[in-house]
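Note sheet for the following structure.
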Amino acid sequence: MLKLTFLGTSAGVPTKQRNVTALAVESLNPYASNIQNTTQSKKSRPWVLVDCGEGTQQQLLHTKLSLHQLQAICITHVHGDHCYGLPGLLASAAMSGRREPLIIVAPKAIATLLEAVTLTTELYFPFVINFMAIEDLLSESDDKNKIQVTITLDNQHQLTIGIYPLSHRVASYGFAINQTISRRTLNTDKLIADGIPASVLWGKLQQGKDVAAEDGRTLYSADYVDNNSQRIKVVVAGDNDTPECLSAAVVDADLVVHEATYTHEVLHKIQAKNPDFDPMHSSAQLVGQFAQENSVKNLILTHFSARYQSFDNPHSDTPNMAHIRLDAQSAYQGNLWLAADFDQYMVNGTADLVSAEEGSRVQYLGSARDHKE
């Protein structure tokens with residue numbers, strides 16, 4: 001299960017209702033022990049941060065997310081509304097006592113930014129930063145469609161982050177976050193039928209160990225354990241004027257998160273007003289059309305121009321969320337949400353989980369502000 005918390009949903013500049021871009025993706029294991037699940041419910045789970053606009057660390061204070069549980073930071077591109085908050089967030093992590101290594105996946109220029117800030121402000125990090133420059137990852141790979149970073153949370157739970165080049169004024173990227181949870185299910189009926197009563201041997205078999213029974217028989221784990229896996233895939237795009245760049249990424253995706261900076265009408269007006277400057281952003285309609293053509297079942301739009309007010313009134317002359325929503329729905333008939341700051345969504349991977357029926361694997365949970373203890 002992946003839980004998304006939108007920490008910023010505004011494009012370019014913050015507004016009174018929206019901070020600039022940042023998205024937290026928590027990785028939950030529904031098959032963990034009851035003790036582990038109880039413990040995790042009271043604190044942050046392992047999570048990944050996609051983009052870190054200015055003020056992101058302030059937004060985090062309104063959530064349960066802990067900088068000690070942060071596994072990786074992925075920066076889509078170097079524009080300030082996506083990265084100016086990074087030095088401050090890392091400084092706060094250091095001051096909070098973090099010592100665990102941290103992965104940063106980002107354009108190479110982000111490393112230059114961090115070096116400049118650390119030198120000029122005498123910033124010190126008491127933890128290792130494993131910086132992975134996206135340009136280097138791309139140049140080192142023989143298959144440009146299979147660039148990925150793997151994060152192992154435990155022996156049954158891992159994340160892989162695929163990287164996809166997009167189209168923007170600067171190099172921009174999308175990330176396909178894949179959660180894989182392996183689950184060993186013990187076939188107790190077969191054990192009982194074979195005359196093997198419940199004992200510590202059952203636990204060892206489930207752990208994948210072959211054991212000797214009291215009567216001398218060798219019991220092979222493979223004979224009594226079914227290995228299943230659950231996969232969840234969420235695609236998060238950076239700034240991008242060509243959604244088709246994500247055609248390969250969205251195959252089998254449970255959810256796509258994409259920018260929709262303008263409506264189609266406003267985007268054309270901006271492009272016509274100044275032919276020498278193209279903002280190279282997507283309209284809601286453009287994203288909706290792509291999602292419809294690629295059978296995307298669940299779509300969340302974010303990164304809205306500050307001109308759009310947060311209220312929803314299709315009859316108002318003031319640009320607002322209703323105009324964005326209608327623009328997307330003119331081309332898209334799937335499940336659609338418009339993100340607001342602190343909105344939370346749960347993405348489930350199998351039909352035996354709550355609200356995970358086919359076509360409705362994404363559940364809106366409300367605001368993180370309401371859920372904070």
C-alpha long axis of helix 108-121 to longest principal axis of the chain, angle in °: 80 degrees
Dipole-positive endmost among Ile300, Gly53, Asn178 within the chain (Cβ charges, Cα centre): Gly53
Helix-only estimate, please: 222 nm mean residue ellipticity of the chain, summing -39500 (n - 2.57) across DSSP H runs of length 4 or more and dividing by its residues, to the nearest 500. -7000 deg cm²/dmol
Please state the charge dipole magnitude for the chain, taken about the Cα centre, from unit charges on C-beta atoms (+1 on K and R, -1 on D and E), reported in debye and rounded to the nearest 20. 800 debye
Using alpha carbon centers only, the range 139-181 is separated from the range 312-333 by a whole-angstrom value of 33 Å
Contour excess over end-to-end distance, with Cα ends at His62 and Phe131 and 0.36 nm allotted per residue: 22.1 nm
Select from Ser167, Leu4, Gln271 the residue farthest towards the positive end of the dipole of the chain; place +1 on Cβ of Lys and Arg, -1 on Cβ of Asp and Glu, and compute about the Cα centre. Leu4
If all Cα-Cα distances of the range 10-168 are sorted into 10 Å bins from 0 onward, what percent lands in each bin, rounded to whole numbers? 10, 37, 36, 16, 2
Does a label point 7 Å from the Cα of Ala116, set along Cα-to-beta-carbon, have any residues of the range 73-95 with amide nitrogen under 14 Å, and which are they? 78-81, 83-87
If one compares the long axis through the Cα atoms of helix 264-273 with the longest principal axis of the Cα atoms of the chain, the angle in degrees, nearest 10, works out at 40 degrees
Any idea what angle helix 86-95 forms with the longest principal axis of the chain, computed on alpha-carbon atoms, 0 to 90 degrees, nearest 10? 50 degrees
Gap in Å between the Cα centre of the range 246-282 and the Cα centre of the range 1-24? 17 Å
Where N is the number of residues in the range 2-371, Cα Rg divided by 2.2 N^0.38 Å: 1.10
Work from the charge dipole of the range 2-371 (Cβ charges, +1 for Lys and Arg, -1 for Asp and Glu, about the Cα centre) and give the residue of Gln289, Ile129, Ala198 farthest towards its positive end. Ala198
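Each value in this text was obtained by applying a stated rule to the coordinates, not by laboratory testing. Being a predicted model, the structure only gives us computed values, none of them experimental. As a convention, Cβ positions derive from the backbone with ideal geometry for all residues, glycine included, and neighbour counts pool all protein chains shown.
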